[in-house]
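The values are calculated or read from the model by the stated rules, or taken from the named source; none is laboratory data. None of these values were measured; they are calculated from a predicted model. Quick reminder, even Gly has a Cβ in these numbers, built from the backbone with ideal geometry, and neighbours come from all protein chains shown. For accessibility, only protein heavy atoms count, side chains too; no ligands or nucleic acids. Shrake-Rupley method; radii C 1.70, N 1.55, O 1.52, S 1.80 Å.
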Amino acid sequence: ARRSLNILFQEWGNRGLHYWQIGNNSITLVADQAVYTMFRSTGDGTSDATAIYGVDDVLEAVYRNSSNVDTPLTKINRSTYQGLSNKTSTGTPSQYYVQRFIDKVTITLYLTPGSSEAGNKLNFYFVKRIQDVGDYTNATDVPYRFVPCMVSGLAFYLSQKFKPELSQQMKLYYEDELQRALAEDGSSSSSY
């Protein structure tokens, strides 16, 4: 059951953005350093105060100067980053490129922060990874509105193993609960 629940949470991550899993953090920029690393897992028990854990993807980022004035950065893809002629140019960053690896996520800034940008911040919103179930006594990393969906999803996954003749019926229940939960998950402000 625990393995099936972990698979269910991974499947939710593949289905798209879940608003309860959005975090915000800042990284202090270092002169002549373009690449900054965050980790996908929750950590290995070491106490690295500068490490950012649980990052699955970066949604948006801003360059924040010492006066707390934000300048939006444009997210670019790998092809666009590859086409930049001088990746070591220094100055105020205006673009960023995100690479998602198995164990980490990196943000590469263009322009590379120079000495005048050092100490300023890269502030970003990111998608957090849904935490694994862990021990049976742990609370799940799911808001209350997703609990019915989680229960029906677990029933669907378990039916595939123990009662295959009920799988189609359980899948219909699960998809119905998931759509209801996803419809409620989001921002209440207009995006027009």
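Of note:
- Packing-based ranking, highest mean first, of 68-78, 114-124 given that Cβ atoms within 10 Å are counted: 114-124, 68-78
- Sites ARG145 and ILE102, calculated FRET efficiency, Cβ-Cβ separation with R0 30 Å, nearest 0.05: 0.45
- Percent accessible area from carbon and sulfur atoms, the chain, protein chains only, probe 1.4 Å: 49
- Nearest-ten-degree value, helix 167-184 long axis tilted from longest Cα axis of the chain: 40
- Spherically averaged projected area of the chain from its Cα convex hull (nm²): 14.1
- Axis of helix 2-15 versus longest Cα principal axis of the chain: the two differ by about 50°, to the nearest ten degrees.
- Label-to-label distance, ASN86 versus TRP20, with points set 7 angstrom from Cα along the beta-carbon direction: 5.0 nm.
- Computed [θ] at 222 nm, helices only, for the chain once each DSSP H run of length n ≥ 4 contributes -39500 (n - 2.57): -9000 deg cm²/dmol
- Amide H contacts of SER41 (H built 1.01 Å from N, under 5 Å, at least 5 apart or other chain): GLY54
- Cα gyration tensor category, rounded, prolate or oblate, for segment 130-178 with a/c compared to 1.5: oblate
- For the chain, the longest principal axis of the Cα atoms and the long axis of helix 147-162 meet at an angle of about 60 degrees.
- Sequence-separation-based contact order of segment 63-192, relative, with Cα cut under 8 Å and 6+ spacing, percent: 17
- Probe 1.4 Å, all protein chains present, accessible-area order of MET150, MET38, largest first: MET150, MET38
- Remark: the chain carries 60 Å² of accessible area per residue (probe radius 1.4 Å; ligands, DNA and RNA excluded).
- Under Karplus coefficients 6.51, -1.76 and 1.60, residue-wise ³J(HN,Hα) of segment 81-91 in Hz, glycine/proline x: 4, 4, x, 5, 6, 10, 6, 9, 4, 9, x
- The share of C-alpha pairs in segment 49-146 whose separation exceeds 17 Å stands at 61 percent.
- In this structure, GLN10 and ASP176 have a Cβ-Cβ separation that, at R0 = 22 Å, corresponds to a calculated FRET efficiency of about 0.60.
- Formal net charge of residues neighbouring SER26 (Cβ-Cβ distance under 15 Å; K, R +1; D, E -1): -1
- Nearby lysines by direct alpha-carbon distance to LYS75 (threshold 27 angstrom, same-chain neighbours under 8 apart not counted): LYS87, LYS104, LYS121, LYS128
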